[in-house]
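These notes concern the structure reproduced below.
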Amino acid sequence: MELVITDNAAEAGVLAGRIMADHVRRGARAIGLATGSSPLGAYRELIRQYREQELSFLGVQAFLLDEYIGLPAGHPQSYAQFIRDEFTAHVDFTDSDVHSPDGRAADIPAAAADYERRIAASGRISVQILGIGANGHLGFNEPGSSLRSRTRVKTLTPKTRADNARFFDGDLNQVPTHVLTQGLGTISDADHLVMIATGEGKADAVAAAVEGPVSAFCPASILQMHPHVTVIVDPAAATNLKAVDYYRFAVQNKPAWQSF
Ligand code: F6R
């Protein structure tokens, strides 16, 4: 695992976007997208590179981590709509190449199985961008999620619903209680996991995920079991990390031949 502490949140987003762009330029057939606020800077960087540096997403499949269950089609907070508004509609992605779990399906377990099949059919996901919940969730794998889980329904914790109420006009009652989410096993199948966390509110979760025990009660600690992980944090999110000096030393002394 490589841990990069950037000077500020904006730089964290740019670095995450550059890493994703490099995968696309190297011929990624599929990439994994997250929603929420953490990856927005990365998406801005990808949009910039599309406009200014001929980055193209034509022929690339994109897979979202998760989706709320029960929101109507086109609801601005459905993740399928959110990712269009914030990212994919601003570049040359083909709409049908942007996939998300079907949170409106009559048969939710069948929709979960179908999503796993779609990911498998795409070949491997080259790079998966991730945020982290303040409670350590990854995707919507809440504390207690099996470390080998696959796409399935999860019940959101009260903490996550309260955190996400900001996207629903601050109204907790509008936040769905259930979601479809890639499992921790599904996420772990991607070649390169890039997690971005900014702000003091993420400091405990980042420290637990990176330096704490691997545990279903901190789902993001599954990153410790993956062979290729880049964690990008701003100084506020790094506050509770113990090995900061080492992380900084490793990045400063990164061999010229070694990419992220
Ligand atoms: C979103 C997702 C979640 C978020 C996490 C952090 O697709 O899977 O795990 O990444 O809740 O959310 P933000 O970035 O809004 O703090």
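Bear in mind these aren't lab numbers, they're just calculated from the coordinates by the rules spelled out. The model shown is predicted, which means the values in this text are computed figures rather than measured ones. Note that we place each Cβ from the backbone using ideal geometry, even for glycine, and neighbour counts take in every protein chain shown.
Summed over region 169-186, residues that are in contact (Cβ under 8 Å) with a residue 60 or more places away in the chain and in contact with a Pro (Cβ under 9 Å, 6 or more places away or on another chain) total 4.
Restricted to region 95-140, and to residues that are charged (D, E, K, R) and within 21 Å of Ala42 (Cβ to Cβ), which residue is surrounded by the fewest Cβ atoms within 10 Å (Cβ to Cβ)? Reasoning before the result, please.
At the first step, the residues of region 95-140 found to be charged (D, E, K, R) are 95, 97, 102, 104, 107, 114, 116-118, 124.
From what is left, the residues that are within 21 Å of Ala42 (Cβ to Cβ) are 95, 97, 124.
On the way: Asp95: 8, Asp97: 16, Arg124: 12.
By that ranking, first place goes to Asp95.
Within region 120-133, the residues that satisfy the criterion of being more than 14 Å from the chain's Cα centre (by Cα) and either part of a loop (DSSP other than H, G, I, E, B) or within 15 Å of the ligand (Cβ to nearest atom) (or both) are Ser122, Gly123, Arg124.
Listed here are the residues, each with its yes/no results for (1) farther than 30 Å from Gly212 by Cβ; (2) among the acidic types (Asp, Glu); (3) more than 16 Å from the ligand (Cβ to nearest atom); (4) not in a loop (DSSP other than H, G, I, E, B).
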| position | (1), (2), (3), (4) |
| --- | --- |
| Ala12 | no, no, no, yes |
| Gly17 | no, no, no, yes |
| Gln49 | yes, no, yes, yes |
| Arg84 | yes, no, no, yes |
| Gly103 | yes, no, no, no |
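Name every residue in region 30-46 that is within 11 Å of the ligand (Cβ to nearest atom), closer than 19 Å to Thr186 by Cα and small (Gly, Ala, Ser), in order of residue number. Passing the criteria: Gly32, Ala34. State whether one or more residues within region 90-100 are closer than 15 Å to Thr186 by Cβ and either more than 16 Å from the ligand (Cβ to nearest atom) or under 18 Å from the mean Cα position of the chain (by Cα) (or both). So far as region 90-100 goes, yes, one or more of its residues are closer than 15 Å to Thr186 by Cβ and either more than 16 Å from the ligand (Cβ to nearest atom) or under 18 Å from the mean Cα position of the chain (by Cα) (or both). For beta carbons closer than 9 Å, sequence separation of 6+ or different chains, a first residue in region 3-29 that is at positive phi and a second that is of a type in the set (Gly, Ala, Ser) and outside any helix (DSSP H, G or I), the qualifying pairs are Gly27/Ser126.
Being closer than 26 Å to Gly199 by Cα and in contact with a Leu (Cβ under 6 Å, 6 or more places away or on another chain) holds for only one residue in Tyr43, Tyr68, Tyr79, and it is Tyr79.
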